[in-house]
Amino acid sequence: MDRDSHSEDTLSTMVLENIKNKLIHAFRVTSESREDAGDSGVSVRPLSMGRSSQANEELRRAQIDGAITWLRSELLEMRTQDLQLAQTLLGLNTEIQRLRRESFGGVEVEGDEQP
(Lines give C-alpha, C1' and ligand atoms only; values in the text may rest on other atoms or scores of the structure.)
Protein backbone atom coordinates (compact mmCIF):
# COMPACT_ATOMS: atom_id res chain seq x y z
CA MET A 1 0.00 0.00 0.00
CA ASP A 2 2.95 2.29 0.71
CA ARG A 3 4.19 1.66 -2.82
CA ASP A 4 0.78 2.61 -4.29
CA SER A 5 0.77 5.78 -2.22
CA HIS A 6 4.21 6.70 -3.52
CA SER A 7 3.06 6.07 -7.11
CA GLU A 8 0.01 8.27 -6.55
CA ASP A 9 2.23 10.99 -5.06
CA THR A 10 4.51 10.85 -8.08
CA LEU A 11 1.58 10.97 -10.49
CA SER A 12 -0.06 13.83 -8.58
CA THR A 13 3.20 15.77 -8.62
CA MET A 14 3.59 15.25 -12.37
CA VAL A 15 0.02 16.37 -13.06
CA LEU A 16 0.39 19.45 -10.85
CA GLU A 17 3.73 20.36 -12.47
CA ASN A 18 2.09 20.07 -15.89
CA ILE A 19 -0.75 22.36 -14.79
CA LYS A 20 1.77 24.78 -13.30
CA ASN A 21 3.76 24.92 -16.55
CA LYS A 22 0.61 25.49 -18.58
CA LEU A 23 -0.48 28.32 -16.29
CA ILE A 24 2.96 29.93 -16.40
CA HIS A 25 2.98 29.66 -20.19
CA ALA A 26 -0.53 31.12 -20.42
CA PHE A 27 0.43 34.09 -18.23
CA ARG A 28 3.64 34.60 -20.18
CA VAL A 29 1.79 34.60 -23.53
CA THR A 30 -0.84 36.99 -22.16
CA SER A 31 1.84 39.27 -20.73
CA GLU A 32 3.85 39.24 -23.96
CA SER A 33 0.79 40.00 -26.09
CA ARG A 34 -0.02 42.99 -23.86
CA GLU A 35 3.54 44.23 -24.17
CA ASP A 36 3.48 43.79 -27.96
CA ALA A 37 0.22 45.73 -28.21
CA GLY A 38 1.67 48.49 -26.05
CA ASP A 39 4.92 48.59 -28.03
CA SER A 40 3.25 49.00 -31.41
CA GLY A 41 3.24 52.80 -31.13
CA VAL A 42 6.45 53.19 -29.11
CA SER A 43 9.87 52.03 -30.23
CA VAL A 44 11.59 52.10 -26.79
CA ARG A 45 10.01 50.90 -23.56
CA PRO A 46 11.14 52.62 -20.37
CA LEU A 47 13.28 50.51 -18.02
CA SER A 48 10.80 50.93 -15.15
CA MET A 49 8.05 49.25 -17.21
CA GLY A 50 10.32 46.26 -17.84
CA ARG A 51 11.01 45.91 -14.14
CA SER A 52 7.35 46.28 -13.34
CA SER A 53 6.47 43.61 -15.86
CA GLN A 54 9.13 41.32 -14.43
CA ALA A 55 7.87 41.94 -10.89
CA ASN A 56 4.31 41.17 -12.01
CA GLU A 57 5.43 37.93 -13.61
CA GLU A 58 7.30 36.91 -10.45
CA LEU A 59 4.21 37.73 -8.41
CA ARG A 60 2.04 35.61 -10.73
CA ARG A 61 4.51 32.73 -10.46
CA ALA A 62 4.44 32.99 -6.68
CA GLN A 63 0.64 32.98 -6.72
CA ILE A 64 0.61 29.95 -9.02
CA ASP A 65 3.10 28.14 -6.77
CA GLY A 66 0.94 28.97 -3.76
CA ALA A 67 -2.18 27.69 -5.51
CA ILE A 68 -0.42 24.47 -6.50
CA THR A 69 0.80 23.96 -2.95
CA TRP A 70 -2.74 24.47 -1.67
CA LEU A 71 -4.11 22.00 -4.27
CA ARG A 72 -1.49 19.43 -3.30
CA SER A 73 -2.38 19.70 0.38
CA GLU A 74 -6.11 19.44 -0.41
CA LEU A 75 -5.53 16.34 -2.56
CA LEU A 76 -3.50 14.71 0.20
CA GLU A 77 -6.24 15.50 2.73
CA MET A 78 -8.86 14.04 0.38
CA ARG A 79 -6.77 10.87 -0.05
CA THR A 80 -6.53 10.50 3.73
CA GLN A 81 -10.28 10.96 4.10
CA ASP A 82 -10.89 8.49 1.27
CA LEU A 83 -8.76 5.85 2.99
CA GLN A 84 -10.50 6.45 6.32
CA LEU A 85 -13.91 6.14 4.65
CA ALA A 86 -12.88 2.94 2.87
CA GLN A 87 -11.69 1.44 6.16
CA THR A 88 -14.93 2.45 7.88
CA LEU A 89 -17.05 0.92 5.11
CA LEU A 90 -15.06 -2.31 5.16
CA GLY A 91 -15.43 -2.48 8.93
CA LEU A 92 -19.18 -1.89 8.68
CA ASN A 93 -19.52 -4.58 6.02
CA THR A 94 -17.61 -7.06 8.18
CA GLU A 95 -19.78 -6.20 11.19
CA ILE A 96 -23.00 -6.60 9.13
CA GLN A 97 -21.87 -10.02 7.89
CA ARG A 98 -20.99 -11.10 11.46
CA LEU A 99 -24.38 -9.94 12.79
CA ARG A 100 -26.19 -11.78 9.99
CA ARG A 101 -24.37 -15.00 10.82
CA GLU A 102 -25.09 -14.62 14.53
CA SER A 103 -28.76 -13.71 14.22
CA PHE A 104 -29.68 -16.34 11.65
CA GLY A 105 -27.32 -19.07 12.87
CA GLY A 106 -27.07 -20.84 9.55
CA VAL A 107 -30.77 -20.47 8.71
CA GLU A 108 -31.31 -19.04 5.22
CA VAL A 109 -32.36 -15.42 5.25
CA GLU A 110 -35.67 -14.44 3.59
CA GLY A 111 -35.02 -13.31 0.06
CA ASP A 112 -31.87 -15.44 -0.15
CA GLU A 113 -33.90 -18.58 -0.98
CA GLN A 114 -33.35 -19.97 -4.46
CA PRO A 115 -36.59 -21.00 -6.32
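The values are calculated or read from the model by the stated rules, or taken from the named source; none is laboratory data. Everything quoted here is computed from the prediction, not taken from an experiment. Accessible surface areas use protein heavy atoms only, side chains included; no ligands, DNA or RNA. Shrake-Rupley method; radii C 1.70, N 1.55, O 1.52, S 1.80 Å.
Here are some notes:
- Only one entry of Ser53, Ser7 meets the criterion of being modelled with pLDDT of 80 or more, open to solvent by less than 100 Å² (accessible area, probe 1.4 Å) and not β-branched (Val, Ile, Thr), and that entry is Ser53.
- Conditions (1) small (Gly, Ala, Ser); (2) modelled with pLDDT under 95; (3) in a helix (DSSP H, G or I): number failed by Gly111: (3)
- Scanning the range 57-79 for residues that are open to solvent by less than 100 Å² (accessible area, probe 1.4 Å) and of a type outside the set (D, E, K, R) gives Leu59, Ala62, Ile64, Gly66, Ala67, Ile68, Thr69, Leu71, Ser73, Leu75, Leu76.
- If you go through the range 80-97 and keep only what is of a type outside the set (S, T, N, Q) and open to solvent by 90 Å² or more (accessible area, probe 1.4 Å), you end up with Asp82, Leu85, Leu89, Leu90, Leu92.
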